[in-house]
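Okay, structure first, notes after.
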Amino acid sequence: QVQVVESGGGLVQPGGSLRLSCAASLSIFRFYGMAWYRQAPGKQRELVAHITSGGTTNYSPSVKGRFTMPRDSAKNTLYLQMNSRKPEDPAVYYCNAHRSRGIYWGQGTQVTVSS
C-alpha cells in the first residue's frame, strides 16, 4: 500500500519562500497522479497543485506563478516550492497520491506566518 509523508512546514516571512516535501513509500510517479491541497482554519480543503503520472502540472489561480512542483524520481519525493508568500498561504498542506484504485493522503504539514 502506498504511503505518503509530508514535511518541511514551518514559519515563512511575508514575501518569503518555503519548500515542502512529500515522500512516497514506493516508486509511484509513473503510475499515480499526485496533488497538494491546503486547508486553513474554518475553510474547506482546496486544491493547490496537481501533477499527472505523465508529468503534466496544473496550479490553482491563487498560486500560479508563485508555486512550483518539482519531483525527484530517485528519491520518490514530490516538492512544493512556495515563493512570494501571500496572506492566504498559511494552512495545513496535504499531499496525496491517487489513481483509479484509490487515493492515499499524508498527515499534513503546517505552514504558518512569521511576524
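The values are calculated or read from the model by the stated rules, or taken from the named source; none is laboratory data. Fair warning: this is a prediction, and the values are worked out from it, not measured in the lab. Please note: Cβ atoms are built from the backbone with ideal geometry, for glycine as well, and neighbour counts cover all protein chains shown. Ligands, DNA and RNA are stripped out before the accessible areas are found, and what is left, the full protein with its side chains, is counted by its heavy atoms. Shrake-Rupley method; radii C 1.70, N 1.55, O 1.52, S 1.80 Å.
Observations
- 1.4 Å probe accessible area per residue over the chain, in Å²: 54 Å²
- Here the contact order of the chain, divided by its residue count and restricted to Cα pairs under 8 Å and six or more residues apart, works out to 37 percent.
- Phi angles of the range 57-66 translate, via the Karplus equation with coefficients 6.51, -1.76, 1.60 and θ = phi - 60°, into HN-Hα couplings of 10, 9, 10, 5, x, 6, 10, 4, x, 10 Hz per residue; Gly and Pro are given as x.
- Gyration tensor (alpha-carbon) shape descriptor, the range 1-55, a/c threshold 1.5: prolate
- Accessible area of the chain belonging to carbon and sulfur atoms, whole % at 1.4 Å probe: 49 percent
- When DSSP beta bridges are restricted to pairs lying wholly in the chain, around 90% turn out antiparallel.
- 29 Å Cα-Cα reach of K86 towards lysines, excluding residues that sit fewer than 8 places from it in its own chain: K43, K64
- Fluctuation leader among T56, T77, T68 - the chain, Gaussian network, Cα springs under 10 angstrom: T56
- Among the trypsin sites (Lys or Arg not before Pro) in the range 24-115, those placed in a DSSP loop whose Cβ has at most 15 other Cβ atoms within 10 Å are R30, K43, R45, K64, R66, R101.
- Divided by 2.2 N^0.38 Å, where N counts the residues, the Cα radius of gyration of the range 62-115 comes to 1.32.
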